[in-house]
Amino acid sequence: MRKKPRILIVDDENIVRESLRDWLNIAGYDVDAAASGEEALPIVKEKKITIMVTDLVMPGINGIELMKEAKKIVPGIAAIIITAHATVQTAIDAIREGAYDYIEKPFCPEKVEHLIKNLVEHQALVEENISLRKKIKDRFQFGGIIAKSPKMLRIIELVKTVAPTSATVLITGDTGTGKEVVARAIHHLSGRRNKPFIATSCAALPESLLETELFGHEKGSFTGAIGQKKGKFEAGHNGTIFLDEIGEVNANTQVHLLRALEEKKITRVGGNEEIAVDVRVIAATNKDLKAQVKEGNFREDLYYRLKVVSIELPFLKDRKEDILLLADFFLKKYTEENNKGQRDFSPEVIEFMLYYSWPGNVRELENMIEHGVILSKSNRITLAELPQDIVYPCPLEEKTIDAVMKCHILNVLEETDGNISQAAKILGIQRMTLYNKLKKYNFAVNKLDS
């Protein structure tokens, strides 16, 4: 069970300090009080305070300076700033210096209690996710697949079942979901593991070159063919060939692929000799091949020959349990590659990763973390070091009223470091109205005060 938070009220006005302490005590919290920053710091250290509610303007140490010093003592402490001098700049400064939120005098104790309730839930979420990230061990890694979500665990079981067989496999899923990773896992667990694994993208080459890439060619078979060349199928003999983006294969190459699968024979371009090949084919696509068959763009017999076993990979947003496991894996990978030393994610980055919709799936997550590692100057990666077009997307090429409004809202959120309460005040709308607009735009935000 999670320990109850320890709260410290810091205010030089006795009536504010004591009335707020009494209110929160009645609400069931463990509360201490201090009349100044100098008095507060020993209490922070002794009691291991987790939440501090402090006045901004006080004799001696002010609220923001106190917050900074308190974070040196208890790095995870969260601060709410009380101020009678609220301005937009004051709020932005407080949030940017690390405050959870601010509240204006005069205020009612119920509002502070509600804010603390949200903060406690926020801290619980962050602690839970940090704990989850620490659990990334071999039991969450299987043949290169990093997962603990039910959907991916079912796929892992399917991989285990199909790998020892000779069946062809069709892996489907959106771009960036990890189709090649699954293909490599199948190869790794098969009897062909010590033989070649050859991956090729069927969309990376023009139609005229794809066939020679796969099946090879004889000398003089076309202009530029100055010598004999073996293709992927010969090079992959006794191994596995991974054909990515199989839906891009032209009609002529489809015929030769079908023959290679059914007869285990190929003929080089420009040649007559039949060459026996023993390869296992794993194909992948982000297209609906069944629809392509109906439209006459893909051979039905080849489709069913490839689809002996089908594995469909989920979107990253549908396997949220895996996001932080993957993030830690990529963090370690890119810190080592770039000699960056130990790095960690700020709580705001953790929340962003969990709430973002990840249209680019695992590949987008990996690219984002590599970007953050490279730009990071300290041992903690913050939202400011992530690609800003991801954190605050703004399609400037769109000129509709809705697009301009969306862009303006996201720019204001960037100015307030993702604080919804402050952004709503700047925009002159209710916080719930802002939430509803963000849901409409399908954007994740830093839910610091949700």
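Within segment 151-170, one or more residues are touching a residue at least 60 places away in the same chain (Cβ under 8 Å), under 28 Å from the mean Cα position of the chain (by Cα) and within 25 Å of ASN252 (Cβ to Cβ). Tell me, please, whether a residue that is more than 22 Å from VAL181 (Cα to Cα) and under 38 Å from the mean Cα position of the chain (by Cα) can be found in segment 270-280. No, every residue in segment 270-280 fails to be more than 22 Å from VAL181 (Cα to Cα) and under 38 Å from the mean Cα position of the chain (by Cα).
When segment 409-443 is filtered for residues that are surrounded by 19 or more Cβ atoms within 10 Å (Cβ to Cβ), in contact with a Ser or Thr (Cβ under 7 Å, 6 or more places away or on another chain) and at pLDDT below 75, nothing remains.
When segment 310-338 is filtered for residues that are surrounded by 21 or more Cβ atoms within 10 Å (Cβ to Cβ), part of a loop (DSSP other than H, G, I, E, B) and of a type in the set (A, V, I, L, M, F, W, C), only LEU313 remains.
Would you point out the residue of segment 153-167, among those that are outside any helix (DSSP H, G or I) and hydroxyl-bearing (Ser, Thr, Tyr), that is modelled with the highest pLDDT? Walk me through it before giving the result.
At the first step, the residues of segment 153-167 found to be outside any helix (DSSP H, G or I) are 163-167.
When the remaining residues are screened for being hydroxyl-bearing (Ser, Thr, Tyr), the result is 165-166.
Values: THR165: 96, SER166: 93.
Checking each candidate, the answer is THR165.
Within segment 44-70, residues that are outside the structural domain of LEU115 (by TED's automatic domain parsing) and more than 21 Å from LEU119 (Cβ to Cβ) reach no partner that is modelled with pLDDT under 90 and of a type in the set (Asp, Glu) with beta carbons closer than 6 Å at six or more positions or on different chains.
Checked against the criterion of being of a type in the set (S, T, N, Q) and crowded, with 20+ Cβ neighbours inside 10 Å, the candidates ASN361, ASN367 yield just one match: ASN361.
Counting only helices (runs of 4 or more DSSP H) that sit wholly inside segment 17-108, those with at least 3 residues that are within 25 Å of GLN422 (Cβ to Cβ) and at pLDDT 90 or above are 63-73. Closer than 21 Å to ALA199 by Cα, over 28 Å from the mean Cα position of the chain (by Cα) and in the same structural domain as ARG193 (by TED's automatic domain parsing): is that true of LYS294 in this structure? The answer is no for LYS294.
Might you check whether a residue that is of a type in the set (D, E, K, R) and under 30 Å from LEU438 (Cα atoms) occurs anywhere in segment 323-332? Yes, segment 323-332 has at least one match. Contact map, segment 236-252: first residue more than 23 Å from GLY173 (Cα to Cα), second residue of a type in the set (A, V, I, L, M, F, W, C), Cβ cut-off under 7 Å, separation 6 or more or different chains; pairs are GLY236/ILE198; GLY236/VAL279; HIS237/VAL277; HIS237/VAL279; GLY239/PHE197; GLY239/ILE198; GLY239/VAL279. Apart from one condition, THR177 fits all of (1) over 22 Å from PRO359 (Cα atoms); (2) not in a helix (DSSP H, G or I); the exception is (1).
Suppose the filter is at pLDDT 95 or above and buried (at least 18 other Cβ atoms within 10 Å of the Cβ); does LEU243 pass it? Taking the combined requirement at face value, the residue satisfies it.
The values are calculated or read from the model by the stated rules, or taken from the named source; none is laboratory data. Fair warning: this is a prediction, and the values are worked out from it, not measured in the lab. A quick note on method: Cβ atoms are made from the backbone with ideal geometry, for glycine too, and the neighbour counts reach across all protein chains shown.
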